[in-house]
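Colleague: Encoded as structure tokens, here's the structure I'll be asking about.
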């Protein structure tokens, strides 16, 4: 999945001349935490709600400030064709929660940590009635296909599966099945020697199965 698939294409912007109080009002009205700052079609900065609140607190003592006085001028951006995981990596590495999306220098969207988390939740199938099975997959080229076939053979359709590196070359697989009773799948996996670490049945955690 690409950044263009999850970005918000309607971006709320300000200009460097926008008053801090006005910008803060826009954030509150829109329920957002960042304003992208532009001059014409050129991206020139970004400002957060924290920046605006701090500047607004100094308003009475120092006079009215504008967005241009406090904005971050060196803006980290990403292209719409970049993989979503690249956006997540950049935000994590740079400790930022929003990335303007630019195409040939033109602002086309913004992606935030909320967009990334929403995708993660969707990818894990947590938005649909289902059950989750955490299973250890041994280091073998045939292990994952066997696990998938085992679960499906007992009539438990897989809605999503995510694998993560585990210990000693094994992998931890998070399997979301479209059923509220995963006990058949758990028993079938255990019969083939797979360790099911934890399961959540229909949103409720079930017993640990070794």
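The values are calculated or read from the model by the stated rules, or taken from the named source; none is laboratory data. Just so it is clear, the structure is predicted and the values come from calculations on it, not from any experiment. Please note: Cβ atoms are built from the backbone with ideal geometry, for glycine as well, and neighbour counts cover all protein chains shown.
Colleague: Just give me the residues in the range 100-148 being closer than 30 Å to residue 76 by Cβ, outside any loop (DSSP other than H, G, I, E, B) and without any contact (Cβ under 8 Å) to a residue 40 or more places away in the chain, in sequence order.
Modeller: 103, 113, 114, 117, 120, 121, 122, 123 - these are the residues of the range 100-148 that are closer than 30 Å to residue 76 by Cβ, outside any loop (DSSP other than H, G, I, E, B) and without any contact (Cβ under 8 Å) to a residue 40 or more places away in the chain.
Colleague: Quick check on the range 150-170. Is at least one of its residues farther than 26 Å from residue 2 by Cβ, part of a strand (DSSP E or B) and outside the structural domain of residue 7 (by TED's automatic domain parsing)?
Modeller: Scanning the range 150-170 turns up no residue that is farther than 26 Å from residue 2 by Cβ, part of a strand (DSSP E or B) and outside the structural domain of residue 7 (by TED's automatic domain parsing).
Colleague: Related question: Within the set of pairs 6 or more residues apart or between chains, which connect a residue that is assigned by TED's automatic domain parsing to the domain that holds residue 95 inside the range 39-65 to a residue that is modelled with pLDDT under 80 and in a helix (DSSP H, G or I) with Cβ atoms less than 9 Å apart?
Modeller: Sorted first by the residue in the range 39-65, then by its partner, the pairs are 55/62; 65/56; 65/59.
Colleague: For the range 65-78, how many residues meet the condition of being in contact with a helix residue (DSSP H, G or I) (Cβ under 7 Å, 6 or more places away or on another chain), modelled with pLDDT of 95 or more and part of a loop (DSSP other than H, G, I, E, B)?
Modeller: Going through the range 65-78 one residue at a time, the tally reaches 1.
Colleague: Right, another one. Which of (1) farther than 28 Å from residue 19 by Cβ; (2) part of a strand (DSSP E or B) is the odd one out, the single condition residue 45 does not satisfy?
Modeller: Unmet for residue 45, out of (1) farther than 28 Å from residue 19 by Cβ; (2) part of a strand (DSSP E or B): (1).
Colleague: Another question about this same structure. With 109, 155, 193, 184 as the choices, which residue is at pLDDT 90 or above and surrounded by 19 or more Cβ atoms within 10 Å (Cβ to Cβ)?
Modeller: Within the list 109, 155, 193, 184, the selection yields 109.
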